[in-house]
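Structure first, then comments.
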Amino acid sequence: MLGPPGAGKTLLGSSFLAEGLKQGEHCLYMGFYEPPNRLLGKVASTGIDLGGAMADGRLNFIWQPPSECILDVLADQLLSDVRRRNVKRVFVDGLSAMQQASPEPARINSFFAALTQELRCTGTTTLFGMETPRLFGPVLDVPMEVGPSAVAENLFFLRHVELEGRLRRLLSIFKMRDTHYDPTLREFVITPQGIEVLPPFSVAVDTLLTGLARHPGAGHF
């Protein structure tokens with residue numbers, strides 16, 4: 001899952017875990033930006049209650065402040081918890097922080113390839129959140145050859161877009177391996193009841209993915 005700051009990656013990943021908890025699955029959150037107490041308060045304001053699952057052990061948090069990361073230690077923590085509790089859903093939030101802080105940047109690609117393969121072998125569904133640097137603009141900085149995006153089975157892209165005087169959030173699917181998928185661009189909104197994905201954009205606009213939408217034949221808004 002790729003997107004700029006504030007696009008909704010953490011909330012979407014938390015919704016992914018919350019759905020697993022509803023289905024009786026054990027889940028794991030690994031984050032690099034927000035400590036557990038702050039995250040719980042943030043997602044609770046959108047109707048996502050993770051506190052009860054954390055209290056009874058169905059959900060575990062591994063939090064690593066964005067400082068120097070020892071990749072092998074992080075992988076051991078993650079995989080040990082997955083195997084010990086038979087975790088079925090993992091959300092790793094903040095891979096950009098891990099990449100930037102790692103003292104061994106040359107190992108990043110091979111590390112993520114090995115980690116995703118190990119998680120796949122355990123039968124775990126893993127969602128990675130990776131930050132893209134640009135909030136708006138005609139250039140898309142999508143790290144397709146870096147880290148998990150090079151080995152991911154599915155790629156989702158979140159983006160801000162200014163359309164008709166309003167700042168909106170956009171969701172699109174870039175890739176789903178070995179299956180058909182809906183290629184339409186959709187707006188999603190964050191409400192006190194959670195995340196709501198809306199029907200495809202009803203207005204005839206292009207360049208939505210750049211964040212600078214315009215009607216065909218017109219200038220940027």
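Per-structure values
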quantity	calculated
Cα-based shape type of the stretch 2-154, given that a ≥ b ≥ c are square roots of the gyration tensor eigenvalues and the cut on a/c is 1.5	oblate
Exposure proxy ranking, count of Cβ atoms within 10 Å, fewest first, for L95, L71	L71, L95
Simple label model, 7 Å out from Cα along Cβ direction - R85 to R166, nm	3.8
Order of C121, C27 - criterion: other Cβ atoms within 10 Å of each residue's Cβ, fewest first	C121, C27
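Where a number appears in this text, it was derived from the coordinates with a stated rule and is not lab data. Everything numeric in this text was worked out from a predicted model, so none of it was measured. All Cβ positions, glycine included, derive from the backbone under ideal geometry; neighbour counts span all protein chains shown.
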